[in-house]
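The values are calculated or read from the model by the stated rules, or taken from the named source; none is laboratory data. Note that this is a predicted model, so its numbers are computed, not measured. Cβ atoms come from the backbone with ideal geometry, glycine included; neighbour counts cover every protein chain shown.
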Amino acid sequence: MSLQENLIKNFEAFEAQLNGHASQPEHTTRKNALEAFKTLGFPGPKNEEYKYTNLQKSLEKAFDFGKIGAEASITKEQASKYFIPKLDTHKIVFVNGKFDEKLSSIEGLEEQVVIKDLSTAFTEDSEKINKLFSKQADYKKDAFVALNTAYSLDGSFIHVPKNTVVKKPIALYFVNDASEGQSFNNPRNIFHIERNSEVTFLEDFNTEGAHESLTNIVSEIIVEENAAVEYYKLQNNKDTAYHVGTTQVHQERSSRFSAYTFTLNGAMIRNNMNIVVDGEGCESNMYGLYLINGNTHVDNHTEVDHIKPNCVSNELYKGILDDSSHGVFNGKVFVRQEAQKTNAFQSNKNILLSDTSVMNSKPQLEIWADDVKCSHGCTTGQLDEDGMFYLRARGLSVESARALMLYAFAVDVVSSIKLEPLKEFLQNLISERLQNDF
Amino acid sequence: MSKDDQILEEFTSKEYEHGWNIDMEADQAPKGLSEDIVRFISAKKEEPEWLLDWRLKAYKKWTQMEEPDWANVKFPKINYQDIIYYSAPKQKVKPKSLDEVDPEMLETFKKLGISLEEQKRLTGVAVDAVFDSVSVATTFKDKLAELGIIFCSFSEAVQDHPELVKKYIGSVVPVNDNYFAALNSAVFSDGSFCYIPKGVRCPMELSTYFRINAANTGQFERTLIVAEEGSYVSYLEGCTAPQRDENQLHAAVVEIYAQADAEVKYSTVQNWYPGDENGKGGIYNFVTKRGICAGDRSKISWTQVETGSAVTWKYPSCILKGDHSQGEFYSVAVTNKMQQADTGTKMIHIGKNTKSRIVSKGVSAGKSQNSYRGQVKVMKRAENARNFSQCDSLLMGNLCGAHTFPYIDIENSSAQVEHEATTSKIGEDQIFYCTQRGIDEESAIALIVNGYCKEVLNQLPMEFAVEAQKLLALTLEGSVG
């Protein structure tokens, strides 16, 4: 049975255990999404968006979707070892995509801020949720968004009312339990930030156990007028962890949104970061860093759609690739006719350390407005020989000179992090990785 | 009259300059495409058996292929059965010298500003003129022959040098390469053939002028340039077509084969009829151009100025196979009115220490769409490959679009690849500076655009550079505001 058929077949079983949820309005969306998934088909290499990332082949080889769904059990100790040290956050832990209340800790949350399990929110805040659910991420366009939408039940709903600053970052730890069998889950997040509010999100992905895991996550983020959102995504997962993630952001007038994506390990990772800038005076930042070796495959697709005038977007993605790793970057910037006075910058820089590593980069600008300043740059190369010589001349060994140069290359992205403990954690992690693995 | 005045004067004449056509009796094939038409063309050209087989193979491939749709252009579907695939100006005997060429035809070329005779005398450029699908005259043939250079029409080459043609045809662009290349391979009617023997430096610019005259015809010419070891040639190509309401198809193939230490420079000034303001008429320009640097230290350089055509779909490419070989691509693509251009290049690095450079300048005005699509690929064994790409877009008016689709695929760690692109408009301060000094707005724009394109225009041979500059001004005329 083909991969697609298998995934569709699972839907009946999923539907059967929905109970009351099946009669709610969002279930129509699920069914439509499944239909869309059937029409779209599983993206193969002929699909321009998945040209360099053959998920079909890899997933077919690694997964048996007929037999997925072993019971998960993660203890408090197991979960807490993934928590980022010294970082004081509200912690939400998801086990195989399911909100786990016992492992989570939410303390001192500002009044009226809502952090909820999505399935609970579907029942309790039905009206509110239906205005937000599947309104940003278009399941008709992307097969993985369709798949996630069809299976959406677990995940989180976070609502920040107007004029509220959420002091502590909200950290979402996704732990997959693959100790008994393979794990496949479709968590869905809806973050709604009302006007003049501020909040920071962190999504972190980890796997327990030796079996393969596949996370297909979709986060929909609505940033209302003059709100500010920081969004961190951390991927330092096992070699057996597959990940497809879509973050769909909708920005309204004068809002600010910054995304940081750090990919340090995994099997095959595909990140879609899509921002629709639908208001004047917005600022959007996207930072990304991928340090990969072994057979890791990382594909970062970003898209900024400038619909309204007077906005700024800025993008910096850097990568270091070693061994047989494969990196893909595709950055799209659309500037619509109405979006005059847009400033959009995009930069992708890569270092290849081995002849078996491959980098496919496609920075793409599509512009229909004339009064704009847009630029993109892309480089792929190796360490600067002069720089190496300078360090060697001062008595550094080849290894430490190399690690220092690589660190300097990578830390550029890290230095833009605003959370000090996270910055420190990543700096240490990166320098450790560079010393040991590259 | 100074050059500036000339540009100014041409600004005032609004229409497409080469929009006339001359009523000339033509020898045509019936409309449509079938195996019989392929045989008809081949028979008409008295071609040997192997070439007919080659054409039929291409035709068979073509029928199995589908028209590609990935380019960023939109146009109504082409009815391939509604095109005349062969049209030759009627001439009873083959002309031996220019004196015998139909005077009407000479008049045509005179109108184009490339009076064959005049060119022969004044500039020292050897010209091969292709009218509709057939080469009508080649100048300077004898002088070139003294050096062992073969420069003639494709059909002559098939008759006189079959061994060379057989060896190199399809070696760079195979028949099944793409839809339009297959179509061309099946029905190509003529074109130019150029062979530079070992160690010869071609003393003059070689030039081909293409013109589509008859209605409803498609032009399918094929150019093959072979540069033997240590040789050098600079090749120019120019094109025009009359103003017509229907769309005409132009699907050409250019192949360049460069042996060790050879250098080939290929320059194009493309000025096919672009259609009117409403997008009516104009040429569909679907061209496959590719060169291979087969030998070590060889070099191929493409320079193009694209101002015409309703739809352009063209990617002159270099396969850098020999070690230390070099590829260059310089392009200015200007679109106005309803024109659409999807153009760029491919640089495939295979050999060691190969270098490539891409400079692409796009200017869009009116309601046009201008895309750059390029690929830089560094293969696994291409040690120390080096690439620098720059593609800039200039937008004039808020109804046009500029798009960039660069593909950068690197499989070797010693490669150094850089790509940068910018999109902007002409600054108000720049225009203000010019108008303040008494230069009117339209000339100011021509001035700024010319400066913006300078890097590419500098690569063109003298005579072409002047023509290209005038063309730029003309294409953008009326786009202010």
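A:PHE184 satisfies every condition listed in (1) touching a Pro at 6+ places or on another chain (Cβ under 8 Å); (2) within 27 Å of A:GLU35 (Cβ to Cβ) except (1).
Number of residues in the range A:310-334 that are without any contact (Cβ under 8 Å) to a residue 40 or more places away in the chain and either assigned to a loop (DSSP other than H, G, I, E, B) or over 21 Å from A:GLY377 (Cβ atoms) (or both): the value is 5. Here B:GLY362 meets the list (1) buried (at least 22 other Cβ atoms within 10 Å of the Cβ); (2) at the interface with chain A (Cβ under 9 Å from one of its Cβ atoms); (3) farther than 26 Å from B:GLU263 by Cβ almost entirely, failing just condition (2). Between a first residue in the range B:379-404 that is at the interface with chain A (Cβ under 8 Å from one of its Cβ atoms) and free of Cβ contacts under 8 Å to residues at least 24 places away in the same chain and a second residue that is part of a strand (DSSP E or B) and surrounded by 24 or more Cβ atoms within 10 Å (Cβ to Cβ), which pairs have beta carbons less than 6 Å apart while being 6 or more apart in sequence or on different chains? Matching pairs, first to second residue: none at all.
If only residues of the range A:403-438 that are basic (Lys, Arg) and surrounded by fewer than 19 Cβ atoms within 10 Å (Cβ to Cβ) are counted, the one that is nearest to A:GLU385 (Cα to Cα) is A:LYS423.
Quick check: anything in the range B:432-440 free of Cβ contacts under 8 Å to residues at least 40 places away in the same chain, of a type in the set (Lys, Arg) and closer than 26 Å to B:SER317 by Cα? Checked the range B:432-440: no residue is free of Cβ contacts under 8 Å to residues at least 40 places away in the same chain, of a type in the set (Lys, Arg) and closer than 26 Å to B:SER317 by Cα. Considering the range A:81-106, the residues that are without any contact (Cβ under 8 Å) to a residue 24 or more places away in the chain and within 18 Å of A:VAL199 (Cβ to Cβ) include one that is surrounded by the most Cβ atoms within 10 Å (Cβ to Cβ), namely A:SER104.
If you go through the range A:27-53 and keep only what is in contact with a strand residue (DSSP E or B) (Cβ under 9 Å, 6 or more places away or on another chain) and away from chain B (no Cβ under 14 Å), you end up with just A:TYR50. In the range B:225-248, what residues are modelled with pLDDT of 90 or more and within 20 Å of B:SER189 (Cα to Cα)? B:ILE225, B:VAL226 - these are the residues of the range B:225-248 that are modelled with pLDDT of 90 or more and within 20 Å of B:SER189 (Cα to Cα).
Residues in the range A:49-68 that are of a type outside the set (Val, Ile, Thr) and either crowded, with 18+ Cβ neighbours inside 10 Å or at pLDDT 90 or above (or both): A:TYR50, A:TYR52, A:LEU55, A:GLN56, A:LEU59, A:PHE63, A:PHE65.
Looking at this structure, is B:TRP50 under 27 Å from B:LEU183 (Cβ atoms), away from every other protein chain (no Cβ under 14 Å), at pLDDT 80 or above and over 24 Å from the mean Cα position of the chain (by Cα)? So B:TRP50 passes the test. Screening the candidates B:ASN353, B:ASN387, B:ASN412, B:ASN398 for the property of being crowded, with 21+ Cβ neighbours inside 10 Å and assigned to a loop (DSSP other than H, G, I, E, B) yields one hit, B:ASN412.
Answer yes if at least one residue in the range A:357-372 is within 7 Å of chain B (Cβ to nearest Cβ), surrounded by fewer than 17 Cβ atoms within 10 Å (Cβ to Cβ) and at pLDDT below 90, and no otherwise. Yes, some residue in the range A:357-372 is within 7 Å of chain B (Cβ to nearest Cβ), surrounded by fewer than 17 Cβ atoms within 10 Å (Cβ to Cβ) and at pLDDT below 90. The combined condition, being surrounded by fewer than 18 Cβ atoms within 10 Å (Cβ to Cβ), at pLDDT below 85 and more than 10 Å from every other protein chain (Cβ to nearest Cβ), is fulfilled by B:GLY478. Any chance the range B:454-462 includes a residue that's within 14 Å of another protein chain (Cβ to nearest Cβ) and not in a strand (DSSP E or B)? There is no residue in the range B:454-462 that is within 14 Å of another protein chain (Cβ to nearest Cβ) and not in a strand (DSSP E or B).
Filtered by the rule that a residue be of a type outside the set (Asp, Glu), in a helix (DSSP H, G or I) and within 14 Å of another protein chain (Cβ to nearest Cβ), the range B:418-447 gives B:GLN430, B:ILE431, B:ILE445. Quick one: in the range B:263-274, which of the residues that are at pLDDT below 85 and part of a strand (DSSP E or B) is surrounded by the fewest Cβ atoms within 10 Å (Cβ to Cβ)? My answer is B:VAL269. Here is the figure for the range A:247-268: residues that are part of a strand (DSSP E or B), over 12 Å from A:LEU234 (Cα atoms) and modelled with pLDDT under 95 total 1. When the residues of the range A:346-356 are filtered to those that are surrounded by fewer than 21 Cβ atoms within 10 Å (Cβ to Cβ) and touching a residue at least 40 places away in the same chain (Cβ under 8 Å), which remaining residue is nearest to the other protein chains (Cβ to nearest Cβ)? The selected residue is A:LEU353. For the range A:326-345, state whether one or more residues are more than 9 Å from every other protein chain (Cβ to nearest Cβ), more than 21 Å from A:TYR50 (Cα to Cα) and under 23 Å from the mean Cα position of the chain (by Cα). Yes - at least one qualifying residue is present in the range A:326-345. Output the residues belonging to the range A:269-308 that are outside any strand (DSSP E or B) and out of contact with any Phe, Trp or Tyr (no Cβ under 9 Å at 6 or more places or on another chain). Hits for the range A:269-308 are A:ASP278, A:GLY279, A:GLU280, A:GLY281, A:GLY294, A:ASN295, A:LYS308.
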